[in-house]
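Structure first, commentary second.
The values are calculated or read from the model by the stated rules, or taken from the named source; none is laboratory data. Worth saying up front: this structure is predicted, and the values here are computed from it rather than measured. Cβ: placed from backbone, ideal geometry, glycine included. Neighbour counts: every protein chain shown. What goes into the accessible areas is simple: the full protein's heavy atoms, side chains included, and nothing from ligands, DNA or RNA. Shrake-Rupley method; radii C 1.70, N 1.55, O 1.52, S 1.80 Å.
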Amino acid sequence: MQVTETQNEGLKRAYTMLLTAQELDAKVMDKLKEAQPDVEMKGFRKGKVPLALMKKNFGQKVTGEAMQEAVDEAMKAHFVEKGVRPAAEPAMKMTNEDWKEGDDVEVEMSYEALPEIPDLDLSKLKLERLKVVPDDAAVDEALKNLASSAQDFDDRKKGSKAKDGDQITMNFVGKVDGEAFEGGSAEDYPLVLGSNSFIPGFEEQLVGVKADEEKDVTVNFPDDYQAEHLAGKEAVFACKITAVKAPKDAEINDELATKFGAEDLDALKGQIRERLEAEYAGAARAVMKRAMLDELDKMVSFELPPSMVEQEAKQIAHQLWHDDNPDVQGHDHPEIETTDEHNKLAERRVRLGLLLAELGQRAEIQVTDQEMTQAIMEQARQYPGQERQFFEFIQKNQQMQQQMRAPIFEDKVIDYVAEQAKVSEKEITKDELQEAIEKLDDEA
């Protein structure tokens, strides 16, 4: 197949590819000969069908396959010969659309090449790793938060009115059109007022009730209620309050520790300290990663594929628009124009993305099957009871696999760069680390 260059400007490339009628016919005949031993037709023994008859019956289909194979082979050979990689799938177009059998095949191929990434001496990179050691005050604060989350309830004084946050115990019977309905009754049911665990408007009507009080609560089931026979209906719940209890934080002792799976209070404190260390280390890593990317961005300069920058700028603009308009869930909104700020940020992201990909390739960094499996299982935990279905879905979806593989690969490249760089450690306070994290958010 003859390939002729028609454009070579910056990273943009275009070529015409000519497959002569004779070349195409030879390829078609080769494919027919290859299939001939397995072909059966009425009047002929298996493998003895004449090629001319096979071409008459299967020629159109085989010709299409031969065209595609010839173009694919020529494209692969071109990239090997030129030593280039396309930034995206090349655009292919058959230029002689009125093609008929016996004509040459003319194809136009265009793409943007990935730029050459310069070598970097990563040992010249100077980074600072922040370190925060959890103190007793931080551990105690975390303990208090745990105690608050494990709150108990004590009976209020007789005659006390229930407040938001209190737990009431009640018996109730719900009726629609005067008839009790299935699932609308319960006895000794504990309900924390303000938890929004009942139908909208239900809990608010029970604020102020007392023990031994009876009260009717009238609510409307939502129009989209899961039980269709109740959706949109008005219901009256006859409630008998049997107890009103005030919340209290659990006591910080060995009993609290056992609730969270620790042997005793000291063991729980040790677990909290380890968790805090991991949280601080993760935050410190984010700060160092931003500094690393800033320095890498200063160290390199190369041409960027325009289409990659344009696509990234559109995604940034789209995401920022939705951040400013959280009520709009879908994409039924006006076209979002990109700005110079979007383009500048897109250029940085594309440049660093290409650089990290190249550094990872040169270092032969791979995402292992074990790492992928672990990542999939971690995400699968977000779907209790459907973990297996989620796992199977990911296994069959190449695009989803790539989306999960990309951040793992990037993290491994970041670790590799840190290993090559000169990294000093600086111990700071929790508040100073928090300020550093907030600064990242402000600069994002």
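In the range 397-444, which residues are farther than 22 Å from Ala278 by Cβ, loosely packed, with under 14 Cβ neighbours inside 10 Å and in contact with a strand residue (DSSP E or B) (Cβ under 7 Å, 6 or more places away or on another chain)?
Correct list: Lys422 only.
Which residues, taken from the range 151-186, are open to solvent by 20 Å² or more (accessible area, probe 1.4 Å) and among the small types (Gly, Ala, Ser)?
The answer is Gly159, Ser160, Gly165, Gly178, Ala180, Gly183, Ser185, Ala186.
Of everything in the range 290-319, what is outside any helix (DSSP H, G or I) and either over 28 Å from Asp415 (Cα atoms) or of a type in the set (Gly, Ala, Ser) (or both)? Give them in sequence order. Please lay out each step first, then the result.
If we filter the range 290-319 for residues that are outside any helix (DSSP H, G or I), which is where we start, we get 300-305.
Ser301, the sole residue that qualifies.
State whether the residues of the range 378-396 include one that is under 29 Å from Glu312 (Cβ atoms), open to solvent by 50 Å² or more (accessible area, probe 1.4 Å), touching a residue at least 24 places away in the same chain (Cβ under 8 Å) and polar (S, T, N, Q).
There is at least one residue in the range 378-396 that is under 29 Å from Glu312 (Cβ atoms), open to solvent by 50 Å² or more (accessible area, probe 1.4 Å), touching a residue at least 24 places away in the same chain (Cβ under 8 Å) and polar (S, T, N, Q).
Mind listing whichever residues of the range 320-353 are outside any helix (DSSP H, G or I) and either under 25 Å from Ile414 (Cβ atoms) or small (Gly, Ala, Ser) (or both)?
Gly330
For the range 1-51, which positions are open to solvent by less than 80 Å² (accessible area, probe 1.4 Å), without any contact (Cβ under 8 Å) to a residue 40 or more places away in the chain and under 25 Å from Val105 (Cβ atoms)?
If the condition is that a residue be open to solvent by less than 80 Å² (accessible area, probe 1.4 Å), without any contact (Cβ under 8 Å) to a residue 40 or more places away in the chain and under 25 Å from Val105 (Cβ atoms), then Thr4, Asp25, Ala26, Val28, Met29, Lys31, Leu32, Ala35, Gln36, Leu51 are the ones that fit.
Does Glu364 satisfy the criteria of being open to solvent by 30 Å² or more (accessible area, probe 1.4 Å), modelled with pLDDT of 95 or more and assigned to a loop (DSSP other than H, G, I, E, B)? So that I can check it myself, show each step before the final result.
Numbers: open to solvent by 30 Å² or more (accessible area, probe 1.4 Å): yes; modelled with pLDDT of 95 or more: yes; assigned to a loop (DSSP other than H, G, I, E, B): yes.
Considered against the rule, which asks whether it is open to solvent by 30 Å² or more (accessible area, probe 1.4 Å), modelled with pLDDT of 95 or more and assigned to a loop (DSSP other than H, G, I, E, B), Glu364 comes out as yes.
Can you give me the ranges of the strands (runs of 3 or more DSSP E) entirely in the range 76-139 with at least 3 residues that are more than 21 Å from Ala357 (Cβ to Cβ) and open to solvent by less than 60 Å² (accessible area, probe 1.4 Å)? Steps first, please.
On the way: elements: 91-94, 105-112, 126-131.
Counting at least 3 such residues, we get 105-112.
Among the residues of the range 16-46, which ones are more than 12 Å from Thr63 (Cα to Cα) and of a type in the set (Lys, Arg)?
Of everything in the range 16-46, those that are more than 12 Å from Thr63 (Cα to Cα) and of a type in the set (Lys, Arg) turn out to be Lys33, Lys42, Arg45, Lys46.
Given the conditions (1) of a type in the set (Asp, Glu); (2) free of Cβ contacts under 8 Å to residues at least 60 places away in the same chain; (3) under 30 Å from Pro134 (Cα atoms), report the number of the one that Glu251 does not fulfil.
In the conditions (1) of a type in the set (Asp, Glu); (2) free of Cβ contacts under 8 Å to residues at least 60 places away in the same chain; (3) under 30 Å from Pro134 (Cα atoms), Glu251 misses (2) alone.
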